[in-house]
1. Find the residue count for the range 117-140, including only residues that are part of a loop (DSSP other than H, G, I, E, B), in contact (Cβ under 8 Å) with a residue 40 or more places away in the chain and at negative phi.
2. Of ASN120, ASN155, which residue is out of contact with any Cys (no Cβ under 7 Å at 6 or more places or on another chain), of a type in the set (S, T, N, Q) and under 18 Å from ALA198 (Cα atoms)?
3. Would you check which residues across the range 46-87 are part of a helix (DSSP H, G or I) and either in contact with a Phe, Trp or Tyr (Cβ under 7 Å, 6 or more places away or on another chain) or basic (Lys, Arg) (or both) and list them?
4. Quick one: ARG249 ticks every box in (1) without any contact (Cβ under 8 Å) to a residue 24 or more places away in the chain; (2) under 15 Å from the mean Cα position of the chain (by Cα) bar one, so which box is it?
5. Is it the case that the range 186-205 has a residue that's surrounded by 20 or more Cβ atoms within 10 Å (Cβ to Cβ) and in contact with a Pro (Cβ under 9 Å, 6 or more places away or on another chain)?
6. Scan the range 156-173 residue by residue and report those that are closer than 14 Å to ARG237 by Cα and crowded, with 21+ Cβ neighbours inside 10 Å.
7. Is it true that some residue in the range 183-190 is over 24 Å from THR28 (Cα atoms) and not in a loop (DSSP other than H, G, I, E, B)?
8. Kindly provide the set of residues from the range 88-111 that are within 14 Å of LEU62 (Cα to Cα) and not in a loop (DSSP other than H, G, I, E, B), ordered by number.
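The values are calculated or read from the model by the stated rules, or taken from the named source; none is laboratory data. From a predicted model like this one, the values you see are computed outputs, not experimental measurements. Virtual Cβ from ideal backbone geometry, glycine too; neighbours counted across all protein chains shown.
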Amino acid sequence: MRQLDQIVALVREVLGEDALGAYLHGSTALDQLKPRSDLDVLVVSRRQTTPEEKRALIGRLLRMSGHGDPSGEARPIELTIVVESEIRPWRYPPRLDFLYGDWLRAAFESGDLTPWETPNPDLAPVITMVRAANRALFGPPPSEVFDPVPLEDLNRAIVAGIPGLLDDLDSDTTNVVLTFARIWTTLATATVSSKDVAADWVLARLPEEHRPVLARARAVYLGDEVDNWGDLQARLRAHVKHVLGEIERLGAASASEVG
């Protein structure tokens with residue numbers, strides 16, 4: 001894929017020999033890209049990026065990611081860089097060195113080189129997906145670069161973002177609903193699934209009255225329906241409350257097992 005080749009070339013140009021490897025995760029790694037899917041790449045570096053290198057990465061990514069590409073055909077890119085010594089040996093919470101995503105575009109365009117937060121629990125499921133997918137764009141196999149993420153750390157990482165997701169429920173409804181489904185699925189199965197697979201798993205376990213919301217989110221994600229929630233707005237909060245109840249129940253059970 002042209003964009004992946006561009007990402008690899010950019011990373012190697014900016015980081016040089018300090019770029020240890022680049023790894024696919026999410027739907028990119030599974031060859032299951034959907035209309036709304038990002039290209040997800042995790043890079044491991046031997047050192048931190050400098051401000052000049054961050055500026056170079058951001059400037060190029062703004063022009064090659066999503067609507068920043070003049071061709072109109074580019075997918076959004078999510079590029080994460082971690083320093084090898086920060087993720088191996090594994091410890092929680094993990095730290096990230098660089099993150100590009102189109103949701104940060106406004107901050108980057110205003111000159112903010114580090115709008116992300118670190119330590120960043122989201123790296124736990126990302127590394128779990130990288131190890132499971134076993135797809136290197138370059139560099140050693142993931143099993144030689146990443147330690148396994150303990151299940152306890154994976155579970156607490158995926159629930160750490162719930163308050164922020166709730167804040168985004170009205171502005172990013174489809175993504176939030178699907179992410180809650182994936183959290184439930186991960187807690188129940190100890191695997192990180194794609195969003196549509198997680199939605200299928202949860203739909204089979206939802207009471208009838210709560211299925212339409214998740215079914216709509218899944219259809220939007222797959223490109224089968226438009227991203228419009230007016231007719232389901234009254235059901236949205238009840239659906240989320242039910243799913244969060246299941247997440248809380250599983251989280252409490254997991255905590256008691258660890259204890």
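1. Residues that pass the stated criteria total 3.
2. ASN155
3. Result: LYS54, ARG55, LEU57, ILE58, ARG60, LEU61, LEU62, ARG63, ILE87.
4. (2)
5. yes
6. Once the filter is applied, which keeps residues that are closer than 14 Å to ARG237 by Cα and crowded, with 21+ Cβ neighbours inside 10 Å, the range 156-173 yields only THR173.
7. Looking only at the range 183-190, we keep the residues that are over 24 Å from THR28 (Cα atoms), and these are none.
Within the range 183-190, none of the residues are over 24 Å from THR28 (Cα atoms) and not in a loop (DSSP other than H, G, I, E, B).
8. The answer is LEU99, TYR100, ASP102, TRP103, LEU104, ARG105, ALA106, ALA107, PHE108, GLU109.
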